[in-house]
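Participant: The following block contains the structure, expressed as structure tokens.
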């Protein structure tokens, strides 16, 4: 069996930074560090941090006064740090810098009097955080092409659009085209909001999908970027594409007639899980591995000053 490994795959710079922030906060504090929501969407990562002492909570009211919080990579509404400050809680913000960039865009458009269209998925933590940067009613969420075609500007206001960073590149391009066709003066970001890691991982899947009898995406069910990789594979010639969280989840009966299987991982899945799946294939098949790389990533985001190791 040929195993085609898509590259880039797995951890992005924002995920790597968020995990480091939790680890450094744990080293700096003698008391527990509370992490609001999953730091990234991967149970394997969450469990590893729990073993190091992190306590994961849904909301700040589960924290004792005087404790320290970390906000997840997805970003939080402005009400969250405000609540932390009011209660005297210490906190570290692990929001991905590319998500923070979208927050700043939203604030700028709002200050310049535009109504904002946010392309994204309802209920996703990143969308909740972005919408929570501005007063209620300042942003309209548009989830799909049909909604983009039927959207109406409130009171004829000038418009701008922003997007969730982990969307399908192709779907988003269609939605933006539909908005621009109906609202030629709509203002978009100077540089696209979909992050480099999402774009690169989708491009890598496109590069291998047509050559694969089946394709596995390692990632969590609540990971937007991982779910999009499954969709991209299916739309680009590999209908037999599935999401798995790790090797134990694989239904091996699906691969009995396969000669070539693709493998990738979402941006919040560690490379150790990829290796675990590769090893599981080697236990069952004679495997030839080929990596197909479409981009080289060397991006690194600075850590917040408060947690940087002292040299």
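Participant: Keeping to region 220-239, report how many residues are without any contact (Cβ under 8 Å) to a residue 40 or more places away in the chain, surrounded by 16 or more Cβ atoms within 10 Å (Cβ to Cβ) and in a loop (DSSP other than H, G, I, E, B).
Facilitator: 2
Participant: Could you check region 79-114 and list, in sequence order, the residues that are buried (at least 19 other Cβ atoms within 10 Å of the Cβ) and outside any helix (DSSP H, G or I)?
Facilitator: 91, 92, 93, 94, 95, 96, 114 - these are the residues of region 79-114 that are buried (at least 19 other Cβ atoms within 10 Å of the Cβ) and outside any helix (DSSP H, G or I).
Participant: Could you check, for region 15-33, whether at least one of its residues is in a loop (DSSP other than H, G, I, E, B) and in contact with a helix residue (DSSP H, G or I) (Cβ under 8 Å, 6 or more places away or on another chain)?
Facilitator: No, region 15-33 contains no residue that is in a loop (DSSP other than H, G, I, E, B) and in contact with a helix residue (DSSP H, G or I) (Cβ under 8 Å, 6 or more places away or on another chain).
Participant: When residue 161 is evaluated against the numbered criteria (1) crowded, with 21+ Cβ neighbours inside 10 Å; (2) in a loop (DSSP other than H, G, I, E, B); (3) outside the structural domain of residue 267 (by TED's automatic domain parsing); (4) free of Cβ contacts under 8 Å to residues at least 60 places away in the same chain, which criterion, by number, is the only one it fails?
Facilitator: All conditions are met except number (2).
Participant: Just to verify a result, which residue in region 269-291, among those that are in contact with a strand residue (DSSP E or B) (Cβ under 8 Å, 6 or more places away or on another chain) and part of a loop (DSSP other than H, G, I, E, B), is surrounded by the fewest Cβ atoms within 10 Å (Cβ to Cβ)?
Facilitator: Restricting to residues being in contact with a strand residue (DSSP E or B) (Cβ under 8 Å, 6 or more places away or on another chain) and part of a loop (DSSP other than H, G, I, E, B), the top hit is 287.
Participant: Conditions first: (1) in a loop (DSSP other than H, G, I, E, B); (2) within 20 Å of the chain's Cα centre (by Cα); (3) at pLDDT 95 or above. Residue 299 passes all but one, so which condition is the exception?
Facilitator: Looking at each condition in turn, residue 299 falls short on (3).
Participant: Can you tell me which of 76, 127, 117 is crowded, with 19+ Cβ neighbours inside 10 Å and assigned to a strand (DSSP E or B)?
Facilitator: 117
Participant: When region 247-268 is examined, which residues are found to be within 27 Å of residue 48 (Cβ to Cβ), part of a loop (DSSP other than H, G, I, E, B) and touching a strand residue (DSSP E or B) at 6+ places or on another chain (Cβ under 7 Å)?
Facilitator: The answer is 250, 266.
Participant: Among the residues of region 180-205, write down those that are over 13 Å from residue 120 (Cα atoms) and surrounded by 20 or more Cβ atoms within 10 Å (Cβ to Cβ).
Facilitator: Selection gives 195, 197, 198, 200, 201, 202, 204, 205.
Participant: Looking at the structure I just gave you, is residue 44 part of a helix (DSSP H, G or I) and within 23 Å of residue 274 (Cβ to Cβ)?
Facilitator: yes
Participant: Looking at residue 41, is it in contact with a helix residue (DSSP H, G or I) (Cβ under 9 Å, 6 or more places away or on another chain), crowded, with 19+ Cβ neighbours inside 10 Å, on the phi > 0 side of the Ramachandran plot and in contact (Cβ under 8 Å) with a residue 40 or more places away in the chain?
Facilitator: no
Participant: Take the residues of region 164-187 that are more than 21 Å from the chain's Cα centre (by Cα) and in a loop (DSSP other than H, G, I, E, B): which is nearest to residue 101 (Cα to Cα)?
Facilitator: Applying the filter and picking the extreme gives 186.
Participant: Mind counting the residues in region 206-218 that are crowded, with 22+ Cβ neighbours inside 10 Å and not in a loop (DSSP other than H, G, I, E, B)?
Facilitator: Count: 6.
Participant: Across region 132-158, what is the total count of residues that are free of Cβ contacts under 8 Å to residues at least 40 places away in the same chain and under 20 Å from the mean Cα position of the chain (by Cα)?
Facilitator: 4
The values are calculated or read from the model by the stated rules, or taken from the named source; none is laboratory data. Computed from a predicted structure; not experimentally measured. Here Cβ is always computed from backbone atoms with ideal geometry, including for glycine, and neighbour counts include all displayed protein chains.
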